[in-house]
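Below is one structure, written out as structure tokens, with a few remarks after it.
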Amino acid sequence: MTQAEGGPRARYREQTRGEIKQIAMRQLAEGGVDAVAFTRIAKELGLSGPALYRYFAGRDDLLSALIRDAYDDAAATFARIAEASANLTPRERLHALAREYRDWAVAEPRRYMLIMGSPLPGYAAPPDTLVRARDALAPFVEVFRDARPSEAVLPVVRQMETWTAGDPEAAEWVERCTAGAGTGVRAGTALAGAVLTWTRVHGVVSLEVVGQFATMGHDPGTLLEAETTTLADAFGLA
């Protein structure tokens with residue numbers, strides 16, 4: 001790193017970018033994507049509207065930065081729990097990952113809803129956000145590498161087999177996640193397990209984050225454990 005890259009000016013730039021992102025995230029949570037306004041952000045920071053374009057090319061560029069940060073944080077969190085639970089059984093690792101998914105979402109509801117909530121109207125995410133999304137899902141794929149799927153989930157497995165057979169990039173990603181599963185049944189099983197985990201865990205966690213369980217008098221964690229156990233059984237996880 002050169003002095004210019006790490007000097008006071010660079011540090012001020014990164015600090016200002018961070019402040020802009022914090023305000024934008026708050027605006028997004030309060031009023032949706034239409035509430036994210038450069039003029040309001042600039043006013044809060046004591047800057048002119050045009051000055052913000054020195055830090056972000058526009059609103060979509062700012063939203064992309066927020067999405068990248070959210071995915072990177074989620075991926076790092078899930079990777080840490082995957083490493084910490086590496087010596088456990090696949091079933092135990094799945095439960096650990098599901099609990100960490102919930103914990104992260106509850107602790108970071110704005111970030112969670114940004115990447116897992118409804119698509120942002122008029123916004124098209126850049127391709128690199130797909131890479132980050134896959135990084136977050138990768139530990140879940142690995143858990144299912146040696147799974148033995150039941151008849152109930154075989155239709156999903158077959159769809160995932162077809163996908164990986166026809167999409168070399170997806171097949172390569174699954175192979176990296178599972179240390180050699182490649183295309184075919186094992187890749188389809190691992191991907192099906194991860195996708196079904198995502199849909200089930202996402203369902204429970206999203207309902208909790210938006211407050212749907214507030215008056216039901218139960219612990220959402222109990223629902224999560226039940227859903228995770230059902231998945232582990234369906235895929236024959238040891």
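What follows draws every value from the coordinates through simple rules; no lab data is involved. Given the structure is predicted, the values throughout are model-derived calculations rather than measurements. Heads up, the Cβs are rebuilt from the backbone with ideal geometry, glycines too, and the neighbour counts pull from every protein chain shown.
So here's what we get for this one:
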{"read-out": "Residues of segment 84-115 with amide N under 12 Å of a point placed 7 Å along Cα→Cβ from residue 29", "value": "106-114"}
{"read-out": "Amide N proximity, segment 30-67 versus residue 12 label position 7 Å along Cα-to-Cβ, cut-off under 16 Å", "value": "45-48, 51-55"}
{"read-out": "Cα-based shape type of segment 1-111, given that a ≥ b ≥ c are square roots of the gyration tensor eigenvalues and the cut on a/c is 1.5", "value": "oblate"}
{"read-out": "Approximate spin-label separation residue 165-residue 51, in nm, with each point projected 7 Å along Cα-to-Cβ", "value": "6.0"}
{"read-out": "Per-residue ³J(HN,Hα) for segment 25-39, Karplus 6.51 cos²θ - 1.76 cosθ + 1.60, θ = phi - 60°, Hz, x for Gly and Pro", "value": "5, 5, 4, 4, 5, 7, x, x, 5, 5, 7, 7, 10, 4, 5"}
{"read-out": "Per-residue ³J(HN,Hα) for segment 161-172, Karplus 6.51 cos²θ - 1.76 cosθ + 1.60, θ = phi - 60°, Hz, x for Gly and Pro", "value": "4, 4, 4, 5, 5, x, 10, x, 5, 5, 4, 5"}
{"read-out": "Residue 124 paired with residue 225, simple spin-label distance in nm, labels 7 Å along Cα-to-beta-carbon", "value": "4.7"}
{"read-out": "Cα Rg, Dmax, the chain, angstrom units", "value": "20.3, 61"}
{"read-out": "Fewest-first ranking of 16, 162, using other Cβ atoms within 10 Å as the exposure measure", "value": "162, 16"}
{"read-out": "Ranked 213, 235, 56, criterion: other C-beta atoms within 10 Å, fewest first", "value": "213, 56, 235"}
{"read-out": "In degrees, nearest ten, helix 59-84 long axis to first principal axis of the chain (Cα)", "value": "40"}
